1. Modelling each spin label as a point 7 Å along the Cα-to-Cβ direction, I'd like the residue 376/residue 181 distance in nm, to one decimal.
2. At 0.36 nm per residue, and after removing the present C-alpha to C-alpha distance, how many nm does the segment from residue 252 to residue 478 gain when stretched out fully?
3. Express in whole angstrom the spacing between the alpha-carbon centres of the stretch 216-283 and the stretch 298-366.
4. Expressed as an acute angle from 0 to 90° and rounded to the nearest 10, what is the orientation of the C-alpha long axis of helix 133-149 relative to the principal long axis of the chain?
5. Just subtract the alpha-carbon distance of residue 458 and residue 342 from 0.36 nm times their residue separation and send over the number in nm, one decimal.
6. For residue 361 and residue 495 in one chain, what is 0.36 nm times their gap in residues minus the Cα-Cα distance, to one decimal in nm?
7. Could you compute the FRET efficiency for residue 529 and residue 281, with r as their C-beta to C-beta distance and R0 at 25 Å, rounded to 0.05?
8. Note the angle between two axes, namely the Cα long axis of helix 4-14 and the longest principal axis of the Cα atoms of the chain, as a number of degrees from 0 to 90, rounded to the nearest 10.
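Read the figures in this text as sums done on the coordinates, not as results from a lab. Quantities reported herein were computed from a predicted structural model and do not represent experimental measurements. Positions of Cβ are generated from backbone atoms using ideal geometry, with glycine treated the same way; all protein chains shown enter the neighbour counts.
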């Protein structure tokens, strides 16, 4: 027996008038908004380490400290959006994470709108008109790809600007297709420049990708003379939007730059430099201008604060702590990264999306035009060249699925565009199967999430039961106030349960830490050594030491549990006085 979804999809696909196409689009858009909103609400208390840094910069926006927005690692658009939302809504501590997820949801809706523009442009390019079976193919398959990739690869729940990047990628791709369809209109070039400029302000990797899109726009236009003028218009608008920030960033860094994220990631992933507490011990890679200070040897304790202020200063402005780094091109390291990142691509394109691969192979074999496919694919260069360049760019250094969501969608649609579609009944069957299975899978996933978190969590507006809120409340009861400085033992692994998101809720600053993997040295140290280490931390002005877990046998009366989270804290106020006396 057909499901409700099947009946809706089948009936809409079977009727191929423009009015019914619009109803089918409305169905998928409504479904997307519902699923995206549900995901944002269910994960409203989730946070991400990058998100904390963006929120800290957003605080500077709210306070009018615009100089802090110029950051060589974190791009400005996302924190400006977060800071603006915070200024307008003025959320309490319990709702500040939820406010961020509201922004993410609005960016998801913007990405949906830009994808719609892209898909409509693709249908026009493929000559999908009234009565053409291709329209019944592109609408369900396109939106199904968007839903699965955007909700599972990028995700509304991950606090990062990648949804904003996806929005700009879809907008730029739509403008590129419009230029190919009607290159005589300069407004499409203007929209391309605007999309690329905003994309760069969302994330620095969009700068080199902007050069790819601008170059392709010249070849996409039919009239080379007008194409040159159009590219100049697009480049000028891009420069107007991106230029002031590049100038401010270059002045801050003392050299021409559009961002330091590429250099730092190359140093971490290819040159294998430490991500935290870089002291310049590796020969040939430079000396840090602003190294954090090691105040105790065993267990190692580092302190960091001035002049960077924020929840976790060494991750609020990594470029500051790594000023002086000199990375080196390492072809062997690049090859290793390509091999490692290829597994991510295989997981994205095959393991997590087998249905799309199956649909592609089915249509390729059914059409009987497999030999013609390479030539047809070359003719669709405008679709697959941007994602091909993006995937190679990330593969050389580092890739995460959230970074490539929009490119994966466009790549799949480029591959499908090169197919010679078989008869309408086959197209209908494949499109219906894809849409139904993906929609059901997404709904089942959300239902599972609802069951895990409970219906009460879904319906109520109380966020105080989440671990970060419990920890923040526990610190408050112990006398830790907003603005106070604390230390922590950085956990291994750093994950959804063991992290520093509580510090953002409590509005405290982590200004010292025992690095990852070194906590056992504190627990196993002789009591006199342990006491010396704690006094060294206390002398920096830190009021408490937080542990994300407690080994068996290490528990003493001094360690206070923070709710039912498994976190513990040790107040250091008395040790600061004892350290001063002993000195």
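1. 2.1
2. Details: separation 226, 0.36 × 226 = 81.36 nm, distance 4.04 nm.
Extra length available between residue 252 and residue 478 comes to 77.3 nm.
3. Their Cα centres are 18 Å away from one another.
4. Rounded to the nearest ten degrees, it is 0.
5. On the way: separation 116, 0.36 × 116 = 41.76 nm, distance 3.77 nm.
Working it through step by step, the gained length comes to 38.0 nm.
6. Numbers: separation 134, 0.36 × 134 = 48.24 nm, distance 3.79 nm.
That works out to 44.5 nm of additional length.
7. On the way: r = 24 Å, r/R0 = 0.94.
Computed FRET efficiency for residue 529 and residue 281: 0.60.
8. 40
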